[in-house]
Amino acid sequence: MAELNPATREALTRIGTSTLTGVLNRRGLTNMYLHGVMPIRPDIPRLVGPAFTMRFIPARPGAQVRSNIQPRAMEECPPGAVLVVDSRGDARAASAGDLYVGRLKARGCAGIVTDGGLRDTEGVYKTGLPAYHKSPSSPPSPIVHFPCDLGLPIGCAGVAVYPGDIMVGDCDGVVVIPPDIVDEVAEECLSTQLYEEFAEEEVARGRALPGLFPVAGEEAKRDFEAWKKARGR
């Protein structure tokens, strides 16, 4: 798994998922936001890291022996990576709990994301690991889920996630970025975010939106350059 450029990682901790989805949309990537997947608490740390994937299939009593895939995921997810779990959008039973999440935290992983549910969320929160899910779910995973494989492309909340994709999460949810364009996307997002900061100040001063946002006119572009120069940006 390729390492994320440290400057890009730092930039992604400051870029909102709303800005990211806008920039990805301009590149034709319109389905990169995990709908319905939210942080377990609004105040958890930001999530940034490459994806390490695990897939569940539906459990079928009597048809399967106990699998070691789930505990292996906690031991094999690389430090700095995000465990991304395909739970088929089914939160009737948990995808993981506080002990599994605590192990990821102890090993230096960057977070966990599932389109199912997490159990023991109070304990998960106390680990300090960024954790995102569809909803809390107390029942243990074998009731509904059978862990099937690791390190393969998955679907999570209707989005294709490939191992090594860059996951970014904030209070609004989680976005997936292809790793081959992540440096360019981060740079473009920083520029976009800076313009949005300028536009917010202009709107607060009473400026009308036409010619300012979402499309900048020539006057707004000139004002933006003057704004940047005045602030040494």
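The values are calculated or read from the model by the stated rules, or taken from the named source; none is laboratory data. The shown structure was predicted, so the numbers you read here are calculated from the model rather than taken from an experiment. Heads up, the Cβs are rebuilt from the backbone with ideal geometry, glycines too, and the neighbour counts pull from every protein chain shown.
Could you grab me the full set of residues in the range 82-111 that are buried (at least 24 other Cβ atoms within 10 Å of the Cβ), aliphatic (A, V, I, L, M) and either assigned to a loop (DSSP other than H, G, I, E, B) or more than 18 Å from the chain's Cα centre (by Cα) (or both)?
To start, the set of residues in the range 82-111 that are buried (at least 24 other Cβ atoms within 10 Å of the Cβ) comprises 82-87, 94-96, 101, 104, 110-111.
Then drop every residue that is not aliphatic (A, V, I, L, M), which leaves 82-85, 94, 96, 101, 104, 110.
Listed by number, the residues that qualify are A94, A110.
Testing V161 on (1) closer than 22 Å to A91 by Cβ; (2) touching a residue at least 60 places away in the same chain (Cβ under 8 Å); (3) surrounded by fewer than 16 Cβ atoms within 10 Å (Cβ to Cβ), one condition comes back false. Which one is that?
Of (1) closer than 22 Å to A91 by Cβ; (2) touching a residue at least 60 places away in the same chain (Cβ under 8 Å); (3) surrounded by fewer than 16 Cβ atoms within 10 Å (Cβ to Cβ), only one is false for V161: (3).
In the list G102, G62, G108, G89, which residue meets the criterion of being assigned by TED's automatic domain parsing to the domain that holds P163, among the small types (G, A, S) and under 25 Å from V182 (Cβ atoms)?
Just a single option satisfies the conditions, and that option is G108.
Residues of the range 38-54 being crowded, with 22+ Cβ neighbours inside 10 Å and either hydroxyl-bearing (S, T, Y) or part of a loop (DSSP other than H, G, I, E, B) (or both), which ones? Write out each step before concluding.
Just the residues of the range 38-54 that are crowded, with 22+ Cβ neighbours inside 10 Å, to begin with: 39, 47-54.
T53 - this is the single residue of the range 38-54 that is crowded, with 22+ Cβ neighbours inside 10 Å and either hydroxyl-bearing (S, T, Y) or part of a loop (DSSP other than H, G, I, E, B) (or both).
Test E196 against the stated conditions and say whether it is crowded, with 19+ Cβ neighbours inside 10 Å, modelled with pLDDT under 95 and either in contact with a helix residue (DSSP H, G or I) (Cβ under 7 Å, 6 or more places away or on another chain) or in a helix (DSSP H, G or I) (or both).
no
Do you know which residues across the range 112-130 are assigned to a helix (DSSP H, G or I) and of a type in the set (A, V, I, L, M)?
If we filter the range 112-130 for residues that are assigned to a helix (DSSP H, G or I), which is where we start, we get 121-127.
Residue satisfying the conditions is V124 alone.
Taking D90, is it at pLDDT 95 or above, among the acidic types (D, E), closer than 19 Å to I154 by Cβ and out of contact with any Lys or Arg (no Cβ under 7 Å at 6 or more places or on another chain)?
For D90, the condition - at pLDDT 95 or above, among the acidic types (D, E), closer than 19 Å to I154 by Cβ and out of contact with any Lys or Arg (no Cβ under 7 Å at 6 or more places or on another chain) - is met.
Which one is surrounded by the most Cβ atoms within 10 Å (Cβ to Cβ) among residues in the range 131-158 that are part of a loop (DSSP other than H, G, I, E, B) and over 17 Å from the mean Cα position of the chain (by Cα)?
Out of the qualifying residues, it is S137.
Specify the residue that is surrounded by the fewest Cβ atoms within 10 Å (Cβ to Cβ); the eligible residues are those in the range 201-232 that are of a type in the set (A, V, I, L, M) and within 19 Å of L190 (Cβ to Cβ).
Among those that are of a type in the set (A, V, I, L, M) and within 19 Å of L190 (Cβ to Cβ), it is A230.
In the set P136, P142, P178, which member is closer than 13 Å to L20 by Cβ, of a type outside the set (S, T, N, Q) and out of contact with any His (no Cβ under 6 Å at 6 or more places or on another chain)?
The unique qualifying residue is P178.
Failed condition for D180, given (1) within 27 Å of I112 (Cβ to Cβ); (2) modelled with pLDDT under 95, with all others met?
Result: D180 fails condition (2) only.
Report every pair of residues separated by at least 6 positions or lying on different chains whose Cβ atoms are under 7 Å apart, first residue within the range 95-107 and of a type in the set (K, R), second in a loop (DSSP other than H, G, I, E, B).
What qualifies is K105/G128; K105/L129; R107/P79.
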